[in-house]
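Taking it in order: structure first as structure tokens, then the write-up.
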Amino acid sequence: MAVETSKIEELLKILEEQGRTIEKQQIILLLDEMRDMKQNYFSIEQELKDIKGQLNILQGMLMNHGSYQTASNLAVQFGKINEIPYQPMQAIQESLNKKAGQVVDNFKAFGTKALNKVCEFLRIEEHLIGMKDGMQSRAVAMHESIEKLEKIEYELGSATVHAKNVGRTIAGKETLDPADREQNKFFKNLESKLQSVEGFYMKMSDKLGYAVNRIEGLGRAAGKNAEKPSVIKQIQDYKEQTKLLPQKENVKEKAVELEA
């Protein structure tokens, strides 16, 4: 990521040293999903530019047509949906780095207590859910864009068929049914591109959904581990118990001597 991640890396190192592998896995999972999302967006960046250009052409085609406003709204909506998608992730990265720095400082001051519920403090699951919901809402918006495009194409096609039918009626020929017309190649190509982007958002939403499920599972595992006594504490308890054993032996020996 573009933002400096030194504090996050320092926190990950501390978690590793303290045996907090589950918490470390949760943080890395979020960072990996953010990186993958940014990389995957590069794969459709050109397609998004092509669609934007075609929508501008569509507006020009409909300049004096009743569907112009629908086409204009479609272009504006598409622009908003597909603004640079990794900008929100920049804010997430900055938040993570800042909060990680706070945890590191608290760890140095107060010890391992600062690591309790560290993933909740960093809002790991919350960030992942937000990313997933964002992809899902984009997919829904893209589907609505496709429906608007289909409406425009139908209106244009119906107008064309109507004009042809006027001539055919005058010539005594059978009129054409608007439903039987072939889809315009321009609209067909544009719709195909929109469907491709919609599929991309759905795929990303599903991928993030799996990540959320995994985070929840890791969170439950971390909670169970927190309920168990640490290995160090178990060793300390064992040492305390073994200190008492020789004393018990001595008491028995003295009792035998008295009886004798």
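Only the coordinates and a few stated rules stand behind these numbers; no lab work does. Here the structure is a predicted model, which means the values were calculated and not measured. Counting neighbours? That spans all protein chains shown, and the Cβs are built from the backbone with ideal geometry, glycine included.
Note on Ser43 and Arg214: their simple-model spin labels are 1.6 nm apart, each label 7 Å out from Cα toward Cβ.
Label sites at Lys207 and Ala109, each approximated as a point 7 angstrom past Cα along Cα to Cβ, lie 3.9 nm apart. Estimated from the Cβ-Cβ distance and a Förster radius of 22 angstrom, the FRET efficiency linking Lys185 and Asp133 is about 0.05.
Summarising the label geometry, the points placed 7 Å from Cα in the beta-carbon direction at Ile57 and Glu147 lie 2.7 nm from one another.
Residue pairs exceeding 23 angstrom between C-alpha atoms, taken from Lys98/Lys203; Lys148/Lys207; Lys148/Lys188; Lys13/Lys117: Lys98/Lys203; Lys148/Lys207.
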